[in-house]
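Reading through the structure tokens given below for one structure.
The values are calculated or read from the model by the stated rules, or taken from the named source; none is laboratory data. The model shown is predicted, which means the values in this text are computed figures rather than measured ones. Backbone-built Cβ (ideal geometry, glycine too); neighbour counts: all protein chains shown.
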Amino acid sequence: CDTMDAHLHTRDWLSIITVNMPDSLTTTVQFFVKAWSLYETRGTNWLAHFLEHMFFKWWKSYPTAMDVAHAVDSMWAESNAYTSDDHASYYIKSTPDHVLTSVDILSDMIIHARFPEDEIKKEQWVVIQEIMMYNDDPSSLVHDKRASWLFGDTPAGRPILWTPETVRSFDRHALNRYKNDLYTKDNTVIVVAGAIQDTDALLDHIAHACKEMPTQTHIPTTSAPQITTSKHSSYIDKNTEQNHLIMSILTDIHGNDPRRYAAGILGRILWWGMASRLFQEIREKEWLCYYVWWWHYSEIDHGMLMIRAWLSKERFEYGC
């Protein structure tokens, strides 16, 4: 975009990126926190994702889940969150005149979150239903099993959601410890993208809204995961109409490696669109499947090439 103006700012330990696009009709405020599953031990493997759920429950200025929802809906805004392997993220997308309110809502969510025991019990049940939903989806289940088979019993090999048993096993004190350890100023990047009317006023507002956030994290970073299993192939029997195949190759193209851009372009050539190599060869020429994916993703300390397809059982061996 010719009118894009991106800058990195620091305010009181916070890293803030502003991407000013004056012609945009919306502005997005997004908090990125290095509170991911790769930081977790076996005893805390469920906390990153569950904490994301609980952040929508009970805050200082919005004491109920309905108050939280109304605060966002009253601005006709879009809000959501997710937990990935390498970060957790929370965002609000609104019209530019609501950007300061978006900052207030997100900072209140992260800094002043409370974890009532009755709400924890309710959300534990909800997360268990989410786990069951993904376990019922072969395309999701095979992805988690791939990581487990490749990395073994390491943070990179464990599922983000973990199991119903681990979700039931904690209390509010564990959530508070995890939040205070990782949701800190030096462990957070705030991005504001869209039409920004006054950058200096916005930066000052963010610094003030986040003044009560702990300054520094004391959690060490993880080292690159190692392949700890000799199992090079395996399967799960789900009694489905199709077989879901996934193949992985570990690479050294990590998240800061400039070669990741070339890997992304290669992915576009091989997979993206009807003219891609995989679509033309696997679907059109060999009619092996309806859908096939290929991509390279880069984590903080490693990369991965993956190809996956939904294949008919009759032609599965030929597809392999």
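The C-beta contact set for region 7-18 (first residue in a loop (DSSP other than H, G, I, E, B), second residue of a type in the set (Gly, Ala, Ser), distance under 7 angstrom, 6+ apart or interchain) comprises Asp12/Ala207. The residues on offer are Ala147, Ala156, Ala113, and the sole one that is crowded, with 18+ Cβ neighbours inside 10 Å and assigned to a helix (DSSP H, G or I) is Ala147. Only residues that are buried (at least 21 other Cβ atoms within 10 Å of the Cβ) and touching a Phe, Trp or Tyr at 6+ places or on another chain (Cβ under 8 Å) were counted in region 56-82, giving 3.
Could you tell me whether any residue of region 117-128 is surrounded by fewer than 17 Cβ atoms within 10 Å (Cβ to Cβ) and outside any helix (DSSP H, G or I)? No, the conditions are met nowhere in region 117-128. When only residues in region 40-49 that are crowded, with 22+ Cβ neighbours inside 10 Å and out of contact with any strand residue (DSSP E or B) (no Cβ under 9 Å at 6 or more places or on another chain) count, which is modelled with the highest pLDDT? Only one residue tops the list, namely Leu47.
The set of residues in region 260-312 that are among the hydrophobic types (A, V, I, L, M, F, W, C), out of contact with any helix residue (DSSP H, G or I) (no Cβ under 7 Å at 6 or more places or on another chain) and within 16 Å of Ile249 (Cα to Cα) comprises Ala263, Leu266, Trp293, Met304, Leu305, Met306, Ile307. For region 197-208, a tally of residues being buried (at least 20 other Cβ atoms within 10 Å of the Cβ) and more than 14 Å from Thr10 (Cα to Cα) returns 0. For the condition within 23 Å of the chain's Cα centre (by Cα) and over 19 Å from Arg146 (Cα atoms), Gly273 does not qualify. The listed residues are Leu100, Leu150, Leu141, and the only one of them that is of a type in the set (A, V, I, L, M, F, W, C) and within 30 Å of Thr215 (Cα to Cα) turns out to be Leu100.
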